[in-house]
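Comments concern the structure below.
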Amino acid sequence: PSQCTHKLPHEINVFGTIHHMHMIGKQMWTTQYRNEQLLRVMNRVEYYGYDTQQQIQVNFTIAPGDRIQVHCAYDSSSRTNTTRFGPESDDEMCMD
């Protein structure tokens, strides 16, 4: 949230990102807002695959006060148990 990036002492130059979810992750994208205006959609992945994660080269800055929002879509229809968020491969997570 912008309350966190507001504490940055200066802009951050971003040169690479990597999306990370686990086994039921299906789509992922990240948005950047400045002054509540959408600046960009970064690295939209329409068909996420746990086995095909890779770093993506980018070139942009994050300024103090920017809001970075990570969006993840999942499909747990093949599971019979509740999926929890956590570090294990059977858990899920959403990081960029």
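The values are calculated or read from the model by the stated rules, or taken from the named source; none is laboratory data. Note that this is a predicted model, so its numbers are computed, not measured. Cβ placement follows ideal geometry from the backbone for every residue including glycine, while neighbour counts extend to all protein chains displayed.
Couple of notes before you dig in:
Rundown of residues vs (1) hydroxyl-bearing (Ser, Thr, Tyr); (2) farther than 13 Å from residue 21 by Cα, yes/no style:
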residue: 42; (1), (2): no, yes
residue: 49; (1), (2): no, no
residue: 59; (1), (2): no, yes
residue: 70; (1), (2): no, no
residue: 75; (1), (2): no, no
residue: 78; (1), (2): yes, yes
residue: 90; (1), (2): no, no
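- Of all the criteria given as (1) at pLDDT 90 or above; (2) in contact with a helix residue (DSSP H, G or I) (Cβ under 6 Å, 6 or more places away or on another chain); (3) not β-branched (Val, Ile, Thr), the one not satisfied by residue 23 is (1).
- Residue ID - farthest from the chain's Cα centre (by Cα), chosen from residues in the stretch 51-81 that are at pLDDT 90 or above and among the hydroxyl-bearing types (Ser, Thr, Tyr): 80
- Tally of residues being charged (D, E, K, R), part of a strand (DSSP E or B) and farther than 18 Å from residue 86 by Cα across the stretch 20-37: 1
- Flag if residue 33 is at pLDDT below 90 and not acidic (Asp, Glu): no
- Residue pairs meeting the criteria (Cβ under 6 Å; at least 6 apart or on separate chains; first in a loop (DSSP other than H, G, I, E, B), in the stretch 75-96; second among the aliphatic types (A, V, I, L, M)): 75/24; 76/24; 94/21; 94/70; 96/70
- All positions within the stretch 46-74 that are closer than 22 Å to residue 4 by Cα, in contact with a strand residue (DSSP E or B) (Cβ under 8 Å, 6 or more places away or on another chain), not in a strand (DSSP E or B) and not acidic (Asp, Glu): 63, 65
- Condition met for residue 88 (farther than 20 Å from residue 14 by Cα and surrounded by fewer than 11 Cβ atoms within 10 Å (Cβ to Cβ)): yes
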